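Enquirer: My questions will all concern the structure given below.
The values are calculated or read from the model by the stated rules, or taken from the named source; none is laboratory data. Note that the structure is a prediction, hence the values are computed from the model and not measured. Cβ placement follows ideal geometry from the backbone for every residue including glycine, while neighbour counts extend to all protein chains displayed. With ligands, DNA and RNA removed, areas are computed over all heavy atoms of the protein, side chains included. Shrake-Rupley method; radii C 1.70, N 1.55, O 1.52, S 1.80 Å.
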Amino acid sequence: DQDLLDLAAFLANVSGDFPADGSILLNERYLTPEDLEATPTSELRRSYVSSLDALRGVTGSMRADGKFEMAPVVQAVEGLFEQSMTQSSASLLLSTVKSHDEYTYYHSVNACILALAIGRMIGIEREHLIPIGVGAVLHDIGKTAVPTATLNYPGRLDEEQWKEITVHPQEGALAILAAGGPGHEISATVAFEHHARFDGAGYPKISRQKRPHVYSRAVAVADTYDAITTRRSYRRAETPNHALNALLMGAGSGYDPDLVRTFIDMMGIYPPGSVLEHDGGVAVVVSRTSEPGGPLDTLLVRDPQGNDIDPEPFSLHPDSVRGQLLAQDSGIDPAALLESVDQELLSS
Ligand SMILES: [Fe+2]
């Protein structure tokens, strides 16, 4: 327990030096039109796959000898960052990809993409955004220190098992500090605080006096959104819109209310990847809405009779939405539609 307090004191000390603790800058765009030049979607997919690979590597070496190399992770996150700068909607659409077998890897990369997007929204500069992304990718790396039997335990955890689980934020932070790399204190702080709630509850239990750093709060929003929209063995997935509602319900208690609002502004009421029913069939939202309440950029994938059709661009008014489907249940993989979307939409 003394070790935990020492680690908390150390991270509190370094995180006090990061800018923006406790306040959010809305929103200096630092993209120029030249930055928005479309790049091939394949580059984005390559960055995604590299990030999965980096995470597989880190997990393997953590299990083998309790430490890992930071460089491949930083490189992978830099790739995701560069690609998502030029193709922001594409990266949000790609972040809806799921894997049941490799849940943790896909979830962590998705959380990274979403955290980078939030960070950009609130004007965090690249120098800090990359370590935030690294922290998001590695947020659960401390789970390699938790016995597998506990991680996969299907029922309610007893006190001992729960204790084993709750060490993962500090184990992750320690491993990141040991690995080093540019801005690694930021990454360690994000991992350390990813289960700390905005109101001071959550774990590790350090102090209710100090809120988690704003970077950690951003990652918590990204982490939660992706987790809710993903099917697990013990619960079904929820729609993107439902996940936004859950964040909204927790705004001010579990989550930073300003960041929740920012996230909803960024994603729109029907975020990219939403599968929507309307009179004309079934459509998948493929881009962020440019104005609140404005028409949704979608691809029509089913006709009114329920037959699959070749995806075609369809501008859908939100008032025409009759229902939302769960991607998995409907047999539609939104991320697979990426290549069918007009390049111009993907950079918006
Ligand atoms: Fe976690």
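Enquirer: Is one or more of the residues making up region 168-185 away from the ligand (no atom under 16 Å from the Cβ), charged (D, E, K, R) and closer than 24 Å to residue 5 by Cβ?
Expert: Taking every residue of region 168-185 in turn, at least one turns out to be away from the ligand (no atom under 16 Å from the Cβ), charged (D, E, K, R) and closer than 24 Å to residue 5 by Cβ.
Enquirer: Does region 63-70 contain any residue that is of a type outside the set (Ser, Thr, Tyr) and without any contact (Cβ under 8 Å) to a residue 24 or more places away in the chain?
Expert: Yes; the residues of region 63-70 include at least one that is of a type outside the set (Ser, Thr, Tyr) and without any contact (Cβ under 8 Å) to a residue 24 or more places away in the chain.
Enquirer: Continuing with the same structure: Looking at (1) out of contact with any Pro (no Cβ under 6 Å at 6 or more places or on another chain); (2) in contact (Cβ under 8 Å) with a residue 12 or more places away in the chain, find the lone condition where residue 249 falls short.
Expert: For residue 249, the exception is condition (2).
Enquirer: Kindly indicate which of 199, 226 is part of a loop (DSSP other than H, G, I, E, B) and touching a residue at least 40 places away in the same chain (Cβ under 8 Å).
Expert: 199
Enquirer: Got at least one residue in region 143-165 being closer than 16 Å to residue 55 by Cα, within 11 Å of the ligand (Cβ to nearest atom) and surrounded by 23 or more Cβ atoms within 10 Å (Cβ to Cβ)?
Expert: Looking through region 143-165, none of the residues is closer than 16 Å to residue 55 by Cα, within 11 Å of the ligand (Cβ to nearest atom) and surrounded by 23 or more Cβ atoms within 10 Å (Cβ to Cβ).
Enquirer: For region 39-73, which residues satisfy the criterion of being crowded, with 17+ Cβ neighbours inside 10 Å and hydrophobic (A, V, I, L, M, F, W, C)?
Expert: 44, 52, 54, 55, 58, 62, 68, 70, 73
Enquirer: Taking region 107-131 only, how many residues are touching a residue at least 60 places away in the same chain (Cβ under 8 Å) and within 16 Å of the ligand (Cβ to nearest atom)?
Expert: Residues that pass the stated criteria total 7.
Enquirer: Within region 135-142, does at least one residue satisfy the condition of being more than 12 Å from the ligand (Cβ to nearest atom), in contact (Cβ under 8 Å) with a residue 40 or more places away in the chain, touching a helix residue (DSSP H, G or I) at 6+ places or on another chain (Cβ under 7 Å) and at positive phi?
Expert: So far as region 135-142 goes, no, none of its residues is more than 12 Å from the ligand (Cβ to nearest atom), in contact (Cβ under 8 Å) with a residue 40 or more places away in the chain, touching a helix residue (DSSP H, G or I) at 6+ places or on another chain (Cβ under 7 Å) and at positive phi.
Enquirer: Okay, moving on. Taking the criterion of being modelled with pLDDT of 55 or more, of a type in the set (Lys, Arg) and assigned by TED's automatic domain parsing to the domain that holds residue 113, would at least one residue in region 28-49 satisfy it?
Expert: yes
Enquirer: To continue, here is another question. Taking the stated definitions as given, is residue 133 crowded, with 23+ Cβ neighbours inside 10 Å and in contact with a Cys (Cβ under 9 Å, 6 or more places away or on another chain)?
Expert: Yes: the conditions hold for residue 133.
Enquirer: Run down 102, 82, 125, 69 and say which single residue is at pLDDT 95 or above, outside the structural domain of residue 339 (by TED's automatic domain parsing) and among the charged types (D, E, K, R).
Expert: That would be 69, the only listed residue that is at pLDDT 95 or above, outside the structural domain of residue 339 (by TED's automatic domain parsing) and among the charged types (D, E, K, R).
Enquirer: Name the residues in region 172-197 that are under 11 Å from residue 138 (Cβ atoms), of a type outside the set (A, V, I, L, M, F, W, C) and open to solvent by 20 Å² or more (accessible area, probe 1.4 Å), would you?
Expert: Listed by number, the residues that qualify are 181, 184.
Enquirer: Every residue in region 202-223 that is part of a loop (DSSP other than H, G, I, E, B), within 16 Å of the ligand (Cβ to nearest atom) and among the hydroxyl-bearing types (Ser, Thr, Tyr), please.
Expert: 203
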